[in-house]
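Read the figures in this text as sums done on the coordinates, not as results from a lab. Note that the coordinates shown come from a computational prediction; the quantities given were computed from them, not determined experimentally. Note: ideal-geometry Cβ built from the backbone for every residue, glycine included; neighbour counts use all protein chains shown.
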Amino acid sequence: MFGKKDGFDPYYDLKIEESLAKNEYPVKKLETARTSEHTSLCAQVCTPEVWEKYKDIESSGPAKWTLARAINTGVLYPESFVGCHAGDKESYDDFADFFHPVIEAYHKGFSMKEGSLLKGTPSQRMDPSRISVELSDSAQSKIVSTRIRIARNLSMFPLNPGGTRESREEVVGLMAKVYKQIDTDSDLAGDFYLHSKMSNDERQALVDGHFLFRGKDKMQAASGYHEYWPHGRGVYLNKDKTFINWVNEGDHLRIISMEMGGDVKAVFSRLSAGAKLIEDAVREISAEDDVFMMHPKFGAVTCCPSNIGTGMRGSVHIMVPKLIEAVGFDEIDRLCRERNCQARGSTGEHSKVLDRIDVSNWRRIGFPEYELVEDMINCANFLSSEEDKL
């Protein structure tokens, strides 16, 4: 269930590319990758000049991260879109001439030099009362389900690619104490399941409900996400299975709020309340003032540069069968991107398009979370109105 116990498993175990293991520039792989139509941002940015600047430097944070470790995924798998990961918060600035261009290339329109500093606390930026737009009745009637998640890392631990089995287990131990503090009468109250201890029946029930993350991604394995699997991993679910936490899937926390239907504000309110509960409880237990790992320029720090800023993806599955037939998925995605959102298949990324579209915010960085929810609402309203015209 958890991968091979003996021998190397590329879907769980960390493999360092041969040249990088010797701290040598992978000339052939990166040069070949840069001539490919589809290549990682890692391959595009990590030129020989960048490599020479950083090859013998370790990050100043607890992971002692290196550029070789940072680019391992993109070298092994140049088809990966981003292809690089940070091992600690400090990596992003210690390797600035590498990570900053990657950030700017992924988050179009954001500049590490000119980007605005985010104001307020994480909880203030997730205040649902600040949402100023409403779903139209037409859009709400077409929405099948709503799901909003954020990625967060705890400031007292290294990011997981730069962590250890012990650091992962410490994160799990801390979160177990947090979940025990939740009032049993609260709608957030539930159960915490550890991957290393759950029974086969518990595991299968979580799989059947699509609540369990299971690793088994070779690109993530190349970053170090899956090291020491299954130790130090867990899933928390409230009683209604509308509030879910993935612990150490990649980032320390993936906090998820979801439900059937189109009550976006209710889903975001639950997410906001859950994130604040976690923030307050971790602060009390750890006696640390700064709970979530934050960067003064872009906000929330995550392992992959694609998620930094808010770490948020808010999505709705909206029924627009006539629009799909009339203009096709690619045109719908183009219309969504004009509105700071993106379209995905009927069951998520890379899935087939049937009668519905998964619509989510595209922007991650430079904006508070509530504004990104507004992006999603505005886009859903637009698609619904276009469907109604047909």
(message) Starting from the 7 Å offset along Cα-to-Cβ, what nm value, one decimal, do you get for the label separation of Thr164 and Gln204?
(response) 3.8
(message) Please list 3J(HN,Hα) in residue order for region 71-76, calculated via the Karplus relation 6.51 cos²θ - 1.76 cosθ + 1.60 where θ = phi - 60°; whole Hz, with x for glycine and proline.
(response) 9, 4, 4, x, 7, 5
(message) With a 10 Å cut-off between alpha carbons and a GNM built on the chain, which of Leu41, Leu206, Leu67 moves the most?
(response) Leu206
(message) Over 29 Å between Cα atoms: which of Lys22/Lys218; Lys64/Lys216; Lys216/Lys276; Lys89/Lys216; Lys53/Lys89; Lys142/Lys239 fall into that group?
(response) Lys216/Lys276
(request) Could you tell me which Cys residues in the chain have no other cysteine's Cβ under 4.7 Å from their own Cβ, answering none if every one has a partner? (result) Cys46, Cys303, Cys304
(request) Could you pull out every one of the aspartates and glutamates with an alpha carbon less than 14 Å from that of Lys389, ignoring same-chain neighbours closer than 8 positions? (result) Glu325
(request) List the residues whose amide H sits under 5 Å from the amide H of Asp127, counting only those 5 or more places along or on another chain, with H placed 1.01 Å from N in the peptide plane. (result) Tyr370
(message) Which of Glu17, Glu249, Glu331 ends up with the largest GNM mean-square fluctuation for the chain, with Cα atoms connected below 10 Å?
(response) Glu331
(request) Using Cα positions and a limit of under 18 Å, work out the lysines in reach of Lys28, with same-chain residues fewer than 8 apart set aside. (result) Lys55
(request) Pick out the long, greasy-scoring helices in the chain: whole DSSP H runs spanning 27 Å or more along their own axis by Cα, mean Kyte-Doolittle at least 1.0. (result) none
(request) Collect residues whose amide H, placed 1.01 Å from N in the peptide plane, falls under 5 Å from the amide H of Ala189; neighbours closer than 5 in sequence don't count. (result) Lys239
(request) Provide the per-residue ³J(HN,Hα) series for region 229-235, in order, calculated from phi with Karplus coefficients 6.51, -1.76, 1.60 and θ = phi - 60°, each as a whole number of Hz, with x at glycine and proline positions. (result) 4, x, 5, x, 10, x, 10
(request) Would you give the gap between the C-alpha center of region 321-341 and the C-alpha center of region 274-307, rounded to a whole Å? (result) 35
(message) Just the number: Rg to Rh for the chain, Cα atoms, Kirkwood Rh, two decimals.
(response) 0.96
(request) Take every Cα-Cα pair in region 18-106 and report what % of them are more than 15 Å apart. (result) 52
(request) Output the relative contact order of region 54-175, whole-number percent, from Cα pairs under 8 angstrom with separation of 6+ residues. (result) 27
(request) Go ahead and estimate [θ] at 222 nm for the chain from helices alone: -39,500 (n - 2.57) per DSSP H run with n ≥ 4, summed, over the residue count, rounded to 500. (result) -10500 deg cm²/dmol
(request) Describe numerically, in nm with one decimal, the distance between label points set 7 Å from Cα along Cα→Cβ at Lys113 and at Thr47. (result) 1.5
